[in-house]
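What follows is calculated from the coordinates using simple rules that are stated; it is not laboratory data. Treat the numbers as computed from the prediction; the structure is a model and nothing was measured. Don't worry about glycine lacking a Cβ; one is built from the backbone with ideal geometry, like all the others, and counts go over all protein chains shown.
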Amino acid sequence: MTDHLSHGALGALVDRELTEDQLASASKHLGGCASCTSNALYQSLLKFATARAGHRYPQPPQLRERLALLAAQTNSKLQPRGVPGAPISRFRSFGRIGSLGWAAAAALFLVCLSLVFVQRAAQRAEKMSAQHADLAIEVFDQHVATLAGNQPLQVISTDRHTVKPWFQGRIPFSFNLPMGLPSDVTLEGANLTYLSNQPAAQLVYSIGKHRVSVFLLRGSGSAEANELPAESSGFHVMGFSTNDLEAVAVSDVDPARLTELVSAIRHAQT
């Protein structure tokens, strides 16, 4: 089959804008055209990733209720007690603190401060866990899109001296590529992409008949890449972190072979 669905037809298919007759014709074509099927899958993954990025920071559904409750509590605390219009006695307030004793007041303050720190630590841990899961989903989606799409890599080369310089001026960090690779491992090329809303390098390797995507982005000073899930939808996800670099690799190859490649790339950074 030499004819293919146009870019507009593929977009309308993904956006569900085709009529019944057009959808039937497109489905018949996809049944016999692997190229258009791959492009349709790529467009679907791209649309899903774009939609998810647009809702990365949604407004919590309870936010309005929490703000209204906080405002009501604040107003009730500002209202003077006793006779309306009577001034609040500062000496009465001071006397109540004095009756508790300065030691008790200090202990109460420390308890409240500790509760604040514990709450903030829990919120940070919950946020980091969500970021880990989002990063794993992003690298998985982009790897699958690379496998499904018929688009060539932006830089096609097995030479590390060609691939690394290509990223100069395109990403705000630098990285090293290993001089030697494990057996049956070949560098195919690379893409400029985005992860967590920042530019990243996607290095594409082959291990036998399996393809591997290794994503490199600027380091955040945390061990985020080390805490990624070990598996996602049948694909293995692993990575490492340095002070200047975050690396995440994803593939369906045997985990031991993927570990060899990740270790080689990590060793090259030192």
Requested in this report: Pop out the ³J(HN,Hα) list for the stretch 188-199 in order, Karplus 6.51 cos²θ - 1.76 cosθ + 1.60 with θ = phi - 60°, rounded to Hz; leave Gly and Pro as x.
Outcome: 9, x, 7, 10, 8, 9, 9, 9, 6, 6, 9, x
Query - Label point distance in nm, His4-His161, each placed 7 Å from Cα along Cα→Cβ - result: 3.5
Report summary line: Whole-Hz Karplus couplings 3J(HN,Hα) for the stretch 11-25, θ = phi - 60° and coefficients 6.51, -1.76, 1.60, Gly and Pro as x, run x, 5, 5, 5, 7, 6, 10, 7, 6, 4, 5, 5, 5, 5, 5
**Report entry** Segment Leu69-Met179, extension gain: residue separation times 0.36 nm, minus the distance between their alpha carbons
**Finding:** 33.5 nm
Requested in this report: Based on the mean of other Cβ atoms within 10 Å per residue, sort peptides 5-11, 37-43 so the most packed one is first.
Outcome: 37-43, 5-11
Report summary line: The farthest towards the positive end of the charge dipole of the stretch 133-269, of the residues Thr158, Met238, Val139, given +1 on Cβ of Lys and Arg and -1 on Cβ of Asp and Glu, is Thr158
Report summary line: Taking only the alpha-carbon positions of the stretch 133-269 as identical scatterers, the Debye log10 I(q)/I(0) at q = 0.10, 0.13 Å⁻¹ comes out as -0.27, -0.47
Query raised in the report: Once fully extended, how much extra length lies between Glu20 and Leu147, figured as 0.36 nm per residue of separation less the alpha-carbon to alpha-carbon distance?
Result: 42.8 nm
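May I ask you to order 250-258, 20-28 by the average number of other C-beta atoms within 10 Å around their residues, highest value first?
250-258, 20-28
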